[in-house]
Every structure is written in structure tokens, then in C-alpha cells.
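Everything on this sheet refers to the single structure shown next.
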Amino acid sequence: MKRLFTPINILGLLLLALSLAVRNWVSQPPPAPTPPALQLEVVQPITVTLYFSNGNVDSFVTEDRSVSVEGQSPGKVAQAELNAWARGPLKGKGLRVIPQGSAAPDVWVRGPHFYVNLPSSYSQFNYGVSGERMILCSLTRSLLEKTGKDVLFLVGGQSAPTLLGHMDLTRPYGKADCQD
């Protein structure tokens, strides 16, 4: 009769047990990582100066308004300004520059330069030269009130020669371009 517990059989059983243990250990899912603690930036009210049109659409009316901004990054402050600008004046002095319910433009900041993406719906407004100037210059003056050098406008995310066919959008606008 053959012996069951030979050194080769014992070594084979040990290798089989070891391979099953390694297979079991390797096939276990990794431990779930612990997520980092969520750190929300503090929402702070800041005062901004917004520019709107006067009744004759030939000059600007200013309005100081408190807006809530999460953090203090220039991009978030500028976007909060444009959101408030799109809502129009709250006090009775100025006129809204864009129709009620129009979307606020998006804005990006790179150093001292602002890039404003006007929604493509703005190119459908039936405005003349003074109305188009009011849109561009009220935005420019609002953004450049405290910081910044110039504002470059895009329409619908693309470079465009004009917004409504009157004013040049191929170059950036500065404070000097929008004097009363």
C-alpha cells in the first residue's frame, strides 16, 4: 500500500494552502479612503459699485450694492458683480441695461484682465449705438471700478467683431474708452 503522507504530498499541501491564502489576501478590496474634510469658504458681503443707464441712455447712474461672495478671489467677486448688474438697479434712479430676465454674462479674470462672455441672446437685442455702448461700458465701468486694467468681450463663447453691429469687440475696453 502506498503511503499518504510523503514529504512531496505534505509539501504540495503546504503550497496549495499558501497559494489559497495569498489568493484570498490579494482579492480583498482595498480599504475605502477617508475623504478630506470639507472646508467651505466664508460667504461675505462686499460693497460694489454698479453702473446703469440714465433715462436718456447717454450717461451713467451708479448704485452701490452689497453682494454676497464666497471667498475673496477676483473671479468670484467679478461674477457676483455681473449677477447683480444683470438684475438691474434696485433704487429708482437708473434704468436696467438689458431686458429683465436676461442671463448674466460669465466672467474670467487673468491678472488685471477681465474676459466677459456675453450670452448670444444679447446679440438679438434691438438696440442702437447708444444701447450697445451702454451694455459694454456699464459692464466695463462696473468691473474696473476697483481693480483691473481692461475688459475683453466674447459673444456666445466666441470672438466676435461686434455685439449689435456698432461697437468694436476685437480689442479690450479700458476706463478711458467709457467716459461720460
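Brief remarks on what is shown
- Considering only residues in the stretch 93-109 that are in a loop (DSSP other than H, G, I, E, B) and charged (D, E, K, R), the one that is most open to solvent (accessible area, probe 1.4 Å) turns out to be 93.
- Check on residue 116, of a type outside the set (Phe, Trp, Tyr), assigned to a strand (DSSP E or B) and touching a helix residue (DSSP H, G or I) at 6+ places or on another chain (Cβ under 9 Å): yes
- Taking the criterion of being within 13 Å of residue 142 (Cα to Cα), surrounded by fewer than 16 Cβ atoms within 10 Å (Cβ to Cβ) and in contact with an Asp or Glu (Cβ under 7 Å, 6 or more places away or on another chain), the residues of the stretch 33-69 that qualify are 47, 49.
- Of all residues in the stretch 123-180, those satisfying the criterion of being open to solvent by less than 10 Å² (accessible area, probe 1.4 Å) and assigned to a strand (DSSP E or B) are 151, 153, 173.
The values are calculated or read from the model by the stated rules, or taken from the named source; none is laboratory data. What you are looking at is a predicted structure, and each value in this text was computed from that prediction instead of being measured. Don't worry about glycine lacking a Cβ; one is built from the backbone with ideal geometry, like all the others, and counts go over all protein chains shown. Accessible surface areas use protein heavy atoms only, side chains included; no ligands, DNA or RNA. Shrake-Rupley method; radii C 1.70, N 1.55, O 1.52, S 1.80 Å.
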